[in-house]
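The values are calculated or read from the model by the stated rules, or taken from the named source; none is laboratory data. Quantities reported herein were computed from a predicted structural model and do not represent experimental measurements. Methodologically, a virtual Cβ is constructed for each residue, glycine included, from the backbone with ideal geometry; neighbour enumeration extends over all protein chains shown. The protein model used for the area step is the full one, side chains on, heavy atoms only, and it has no ligands, DNA or RNA in it. Shrake-Rupley method; radii C 1.70, N 1.55, O 1.52, S 1.80 Å.
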Amino acid sequence: MKLQQLRYIWEVAHHDLNVSATAQSLFTSQPGISKQIRLLEDELGVEVFARSGKHLTRVTPAGEAILKTAGEILRKVETIKQVAQEFSDEKRGSLSIATTHTQARYALPPSIEKFIDKYPEVSLHMHQGTPMQISELAADGTVDFAIATEALELFSDLLMMPCYRWNRCVVVPKNHPLAQLSELTLEDVASYPIVTYVFGFTGRSKLDDAFFDHGLSPKVVFTAADADVIKTYVRLGLGIGIVAQMAFDETTDSDLVALDASHLFSPSITKIGFRRGTFLRGYMYDFIKMFAPHLTKDLVEQAYLCSSKIELDELFENIELPVY
């Protein structure tokens, strides 16, 4: 059994069983990959992939178990490389982050700017997706960090730390009747068509819970993953917008009004998560602290040692989180 063979089956499984695409991504030949997979299967005495003619059709039950272990082995190999690199050149390497549009567009730029200034030799890669996709990318080791508000808690392999609290605002055109009120109520908001986030994005569950708890059934006429898209459709008159407060810019959104809604909805907490067992290089600790100053190296290391979610929650329960 060779490490290269494990990498081939892992990559094929993550390229939708497309051997040709896998070969292109690994800069090798399709026949070479197919041969090595066959040799591995012959050695193990089981098929990793089921076939129809020359085409791979699915991962077999045995293959699922083998791929899980192969992924763990490949991550350990990557950790060994990172450990060596940390001692050979602590300011050179790569950092990959998976996050949502809202975080990438509004929350992360100052931290990214500081990081690039301090570590110009570290290549930075950002992946955007749904919270579920983000969590999966961190859980399988594709990215170093996941930053999101929803879905991270669904993955037990992720160690999640709170970064900051935030709430929402209601966005309307300047001449809208809601802009004339001294204070909004949920009933006021529910009386208009609503444009907001897709369920599972940017604290959407808190919004739904608030209406449900008050026996209200708001008319959500349009949803999107991107706050800028939501504001575009508010401008078109489709409805009133409910977005993260951080997503309203008084300069670029000067034709709109942001109405405080923090008294209507429970605050949400954005977290940063990484896979348990991940080796954190010095610049990774620095990035975490740039994004969330209370997350010092000492505190992150304490979190690393927590063996349960209860223990982790207790570690952070007396820490005052910043409000975005």
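Descriptive notes on the structure:
- Couplings for segment 232-248, taken from phi via the Karplus curve 6.51 cos²θ - 1.76 cosθ + 1.60 with θ = phi - 60°, read 4, 7, 5, 4, 7, x, 6, x, 8, x, 10, 9, 5, 3, 5, 8, 9 Hz in order; Gly and Pro are left as x.
- Radius of gyration and Dmax over the Cα atoms of segment 227-324, both given in Å: 18.4, 51
- Where N is the number of residues in segment 214-283, Cα Rg divided by 2.2 N^0.38 Å: 1.55
- Taking every DSSP bridge with both residues inside segment 1-127, close to 40 percent are antiparallel.
- Choice from T79, T252, T142 showing the highest fluctuation, given a GNM over the chain with Cα pairs closer than 10 Å: T252
- For segment 30-92, a Kirkwood radius taken over Cα pairs fed into Stokes-Einstein (37 °C, viscosity 0.692 mPa s) yields D = 236 µm²/s.
- Pairwise Cα separations in segment 91-140 fall into 10 Å bins from 0 onward with the following percentages, short to long: 24, 49, 26, 1.
- For segment 162-270, the percent of C-alpha pairs falling in each 10 Å distance bin, counted from 0 to the bin holding the largest distance, reads 15, 53, 30, 2.
- Segment 111-236: Rg to Rh, with Rh as the Kirkwood radius over Cα pairs: 1.05
- Computed from the alpha carbon positions, the gyration tensor of segment 1-146 leads to an equivalent ellipsoid with semi-axes of 33, 18, 13 Å, biggest first.
- Protein accessible area in segment 163-227, 1.4 Å probe - carbon and sulfur %: 52 percent
- Taking the alpha carbon gyration tensor of segment 56-97, multiplying each eigenvalue by 5 and rooting it gives semi-axes of 32, 11, 6 Å, largest first.
- A cut-off of 5 Å between modelled amide H atoms, ignoring neighbours fewer than 5 places along the same chain, links V122 with G93.
- Per residue accessible area of the chain, 1.4 Å probe, in Å²: 51 Å²
- Convex hull volume of the C-alpha atoms in segment 61-128, normalised per residue: 94 Å³.
- Summing +1 for each Lys or Arg and -1 for each Asp or Glu among the other residues whose beta-carbon sits under 12 angstrom from that of C306 gives -2.
- Bridge type composition, the chain - antiparallel percent by DSSP, nearest 5: 60 percent
- Cα convex hull volume per residue for the chain (Å³): 179 Å³
- Residue-by-residue Karplus 3J(HN,Hα) for segment 103-113, coefficients 6.51, -1.76, 1.60, Hz, glycine and proline x: 5, 5, 7, 10, 8, 7, x, x, 5, 4, 4
- Length-normalised contact order of the chain in % [C-alpha pairs under 8 Å, at least 6 apart]: 20 percent
- For q = 0.25 Å⁻¹, Debye-computed log10 I/I(0) when each Cα of segment 1-65 counts as one equal scatterer: -1.17
- Average projection area in nm² (convex hull over Cα atoms of segment 96-175, one quarter of hull surface): 6.9 nm²
- Phi angles of segment 64-70 translate, via the Karplus equation with coefficients 6.51, -1.76, 1.60 and θ = phi - 60°, into HN-Hα couplings of 4, 5, 5, 5, 4, 5, 4 Hz per residue; Gly and Pro are given as x.
- Segment 245-291: mean projected area of Cα convex hull, nm²: 5.6 nm²
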